[in-house]
Each structure stands twice: as structure tokens, then as C-alpha cells.
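K.L.:
Here's a structure for you.
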Amino acid sequence: MSSAKSVETPKEMGSQKLRERLVHAGLYKTNSPGYYYLVQLAFVSVPVFSGWLVYRMGFISFQMALILGLVMGIGGVVAPGLWLDFCKAGRQTKIRRSIPDALDVIIICVEAGLSLSAAITRVARELSSMHPLLAAELRIVHRQVQIGKTNGEALKAFGERFDLMELRSLASVVVQSEKFGSSIASALRVHSESLRKKRMQAAEEKAQKSAVWILLPTVVFIFPALFVVILGPAAYDIMDLMKNMEK
């Protein structure tokens, strides 16, 4: 006996994708998609109405008003999505920087005899002033464990809220440790060291790229001034010589 599988429509897939983007940006409320569409509608309608109003007042032609309204309307559609991506990138950066410090404290707590859930609660309390975003998310992890999820499942949901590979790998480490009964402290220590190496490599990569970015102001601002200082007198002499030849 075969059971029929429900197939998601494109509209449902789009709504699910939007909810995921909102969660990645830190908007966890159920009514966030409605507010997003409302803001998007305002960003589209206000520029279009403003263009029509300016046209009716006679400041610009109808073609110019149509072009401006179309361009600003497209910008209104795209701008909320860009803002979501900006918020997501900022949250990922904060979590990526704070995870190694949190793992160090969790390892100390676990080696001292606390369970992983209790260690997460302790870390959320101790790092609330230094890493408030991480502390808030760890409290969510602890509440999910309290309602019946395992530590690995709660950490996996944590990784899905941020779409961050470091958190997904952390959840995999915890799940494997719970499944095979290995030492959670040793597994977390190895994972913490790997995260620190990745963070160091990322810092070295940015340092190497900075040399290229330094060339931009050099080429744009310094070289033209040098050309004026070096070639200015020579250009003046050439112009003076040409005037004398004409005489």
C-alpha cells in the first residue's frame, strides 16, 4: 500500500525560503513574513506614488517619471532582501568569532563534571556580557533540550538558524559523541582547535588581501598628485617652447 507524498507548490517553496532567510537574519517571530511583505510593498508603492506626484506637479515629464518610478520600484523590491543578507552576514560573523571562546568554557565545565546541557547554561550566563548574541542562542538551545530534544538536535537547529558550517559541524561532533559514547570533552577540544585554525587562516587571508586594497587609494589619490608635480614643470616648458617656435 503506497502512501501519497505531498508535493510543495512553488508558492509554498517560496514562503519556506523566505522564512529561512528571515530566521537567518534573526527574525524568529511567526508574523515576520507578513511584516516583510508589508515593508516591501511600502518600498515599492511610495517611490511610484512620489514619481506620479512629481509628474502631476509638472516638474518632470511622464517618461522620466515612469523611468524613475520603475527604477525605484525595483530597488524597493531588492532592498529588503539585501538588508536580510546584511543582517545574516553580521550574525554569522559574531557567532563565528565567539564560538571558540564558548567551546573553551564548555570544555572546562564538562571536565569539571557538569553535563553538556548544564555547561551550555553556564556558558550562556558567563558570556552574556561579552557575547550577548551567542548567550541568547544558547538559552534557546537549553530550552529545546528541556522540552525533549537531544543536545545534538538542539545544536543542529542552532546551526540551521544561522546557516553556518561551523555550527553544523559542532552539532555533528556532539551527535557522534552521543551515539558512540565517546568523550564529549575530547571531541569538543579537537573541534575548538580546528575552529581556531580556521579563524587564524581567515585572518591571514584578509591580511594578504589588504595589500591589494591599499593600492586603490594609492592609484586614485597619490599617483595623480605625483604626476602633476613631476610632469607639471615639463608640460609648462613644452608649452613655452611651442609658443617660442610659433613666434
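K.L.:
Using the alpha-carbon centroid of each, what span in Å lies between the range 214-239 and the range 102-148?
P.N.:
Result: 59 Å between the Cα centres.
K.L.:
Stretch Phe180-Gln16 to full length: gain in nm at 0.36 nm per residue minus the Cα-Cα span?
P.N.:
Additional length available on full extension: 55.6 nm.
K.L.:
State to the nearest 20 debye the size of the charge dipole of the chain about its Cα centre, where the only charges are +1 on K and R beta carbons and -1 on D and E beta carbons. Mind dumping the intermediate values first?
P.N.:
Values: 30 positive and 20 negative charges, 129 e Å.
The dipole of the chain has a size of about 620 debye.
K.L.:
On a full-extension model of 0.36 nm per residue, what is the gain between Tyr236 and Asp85, subtracting their alpha-carbon distance, rounded to one decimal in nm?
P.N.:
Numbers: separation 151, 0.36 × 151 = 54.36 nm, distance 5.33 nm.
My answer for the length gained is 49.0 nm.
K.L.:
Still on this structure, please answer the following. Using a Gaussian network model of the chain with C-alpha springs under 10 Å, which one of Val71, Val228, Val123 is most mobile by mean-square fluctuation?
P.N.:
Val228
K.L.:
Report Rg/Rh for the range 196-247, rounded to two decimals, where Rg is the Cα radius of gyration and Rh the Kirkwood radius.
P.N.:
Across the range 196-247, the Cα-based Rg/Rh ratio is 1.52.
K.L.:
Here's something else I'd like to know. How big is the dipole moment of the range 93-200 about its Cα centre under a simple scheme where the beta carbon of each Lys and Arg is +1, that of each Asp and Glu is -1, and everything else is neutral? Debye, nearest 20, please.
P.N.:
Details: 17 positive and 11 negative charges, 48 e Å.
Dipole magnitude for the range 93-200 comes out near 240 debye.
K.L.:
Averaging over all projection directions, find the projected area of the Cα convex hull of the range 93-200 and quote it in nm² with one decimal place. Don't jump to the answer; show the numbers that get you there.
P.N.:
Values: hull surface 24.1 nm².
That works out to 6.0 nm².
K.L.:
Note down, for the range 159-247, the three equivalent ellipsoid semi-axes (square root of 5 times each alpha carbon gyration tensor eigenvalue), biggest first, whole angstrom.
P.N.:
Equivalent-ellipsoid dimensions as semi-axes: 66, 11, 6 Å.
K.L.:
Within 14 Å, Cβ to Cβ, of Ser115, how many net charges do the neighbouring residues add up to if Lys/Arg are +1 and Asp/Glu are -1?
P.N.:
So the surrounding residues net to -1.
K.L.:
Given a 10 angstrom Cα cut-off, can you work out which residue in Gln208, Gln146, Gln16 is the most mobile in a GNM of the chain?
P.N.:
For the chain, modelled as a Gaussian network with Cα springs under 10 Å, the answer is Gln208.
K.L.:
According to the Kirkwood expression over distinct Cα-Cα pairs, how big is the hydrodynamic radius of the range 150-198, in Å?
P.N.:
It works out to 10.8 Å.
K.L.:
Here is a further query. Any chance you could list P(r) for the chain, counting all Cα-Cα pairs in 10 angstrom bins from zero, rounded to whole %?
P.N.:
Pairs per bin, as whole percents: 6, 19, 19, 17, 15, 11, 7, 4, 2, 1, 0.
K.L.:
Debye sum, Cα scatterers, the range 11-85, no solvent: what log₁₀ I/I(0) at q = 0.20 1/Å?
P.N.:
-0.80
K.L.:
Hey, another quick one. Quick one: length gained pulling Val220 to Ala202 fully straight, 0.36 nm per residue minus the C-alpha distance? If you can, show how the numbers build up before the last one.
P.N.:
Details: separation 18, 0.36 × 18 = 6.48 nm, distance 2.79 nm.
Taking 0.36 nm per residue and subtracting the Cα distance, the gain is 3.7 nm.
K.L.:
Return the single residue from Glu160, Glu137, Glu204 with maximal mean-square fluctuation; model: Gaussian network over the chain, springs between Cα atoms under 10 Å.
P.N.:
Sorting by GNM fluctuation, first place goes to Glu204.
All of the numbers you see were taken from the coordinates with simple rules; none came from a lab. Just so it is clear, the model here is predicted, and its values are computed rather than measured. All Cβ positions, glycine included, derive from the backbone under ideal geometry; neighbour counts span all protein chains shown.
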